Amino acid sequence: MGRHQEPASLSYLEALFSLTGLRAVVTGGSSGIGRGIAEALAGAGAAVHIVARDQGRIDEVCASLRANGAEAAGSAVDLTDELATCGFADGEV
């Protein structure tokens with residue numbers, strides 16, 4: 001049988017998986033799985049930018065993330081619109 005190993009320290013895991021200082025763009029982050037991903041990334045320390053179609057829902061999620069200490073912003077963009085998507089990617093939104 002193998003040796004018993006002590007569990008890794010939380011600080012080691014935090015350092016290994018920390019996203020502090022990084023930015024994440026989450027498409028569809030205003031609801032469902034996308035919102036869950038945004039919450040998880042923010043919980044790991046990332047600054048999160050939500051991209052979805054409904055500004056009201058984006059604002060709601062960003063407020064919730066900020067209330068939990070995260071850096072969060074969002075943009076209402078219809079990613080099925082190529083011109084709008086290019087504008088977002090170029091920083092015009």
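If the condition is being crowded, with 19+ Cβ neighbours inside 10 Å and on the phi > 0 side of the Ramachandran plot, then the stretch 13-44 contributes no residue at all.
On the stretch given as the stretch 45-73, residues that are touching a helix residue (DSSP H, G or I) at 6+ places or on another chain (Cβ under 8 Å) and either at pLDDT below 95 or buried (at least 17 other Cβ atoms within 10 Å of the Cβ) (or both) total 8. Filtered by the rule that a residue be of a type in the set (A, V, I, L, M, F, W, C) and out of contact with any Lys or Arg (no Cβ under 9 Å at 6 or more places or on another chain), the stretch 77-91 gives 83, 84, 86, 88, 89.
Restricting attention to the stretch 74-93, does a residue exist that is touching a Gly at 6+ places or on another chain (Cβ under 7 Å) and open to solvent by 40 Å² or more (accessible area, probe 1.4 Å)? Yes, the stretch 74-93 contains a residue that is touching a Gly at 6+ places or on another chain (Cβ under 7 Å) and open to solvent by 40 Å² or more (accessible area, probe 1.4 Å). Taken across the stretch 9-28, residues that are in a helix (DSSP H, G or I), among the acidic types (Asp, Glu) and closer than 17 Å to residue 74 by Cβ do not occur at all.
The values are calculated or read from the model by the stated rules, or taken from the named source; none is laboratory data. No experiment lies behind these values; they were computed from the predicted model shown. Note that each Cβ is placed from the backbone with ideal geometry, even for glycine, and that neighbours are counted across all protein chains shown. The area values use the complete protein model at the heavy-atom level, side chains included, leaving out ligands, DNA and RNA. Shrake-Rupley method; radii C 1.70, N 1.55, O 1.52, S 1.80 Å.
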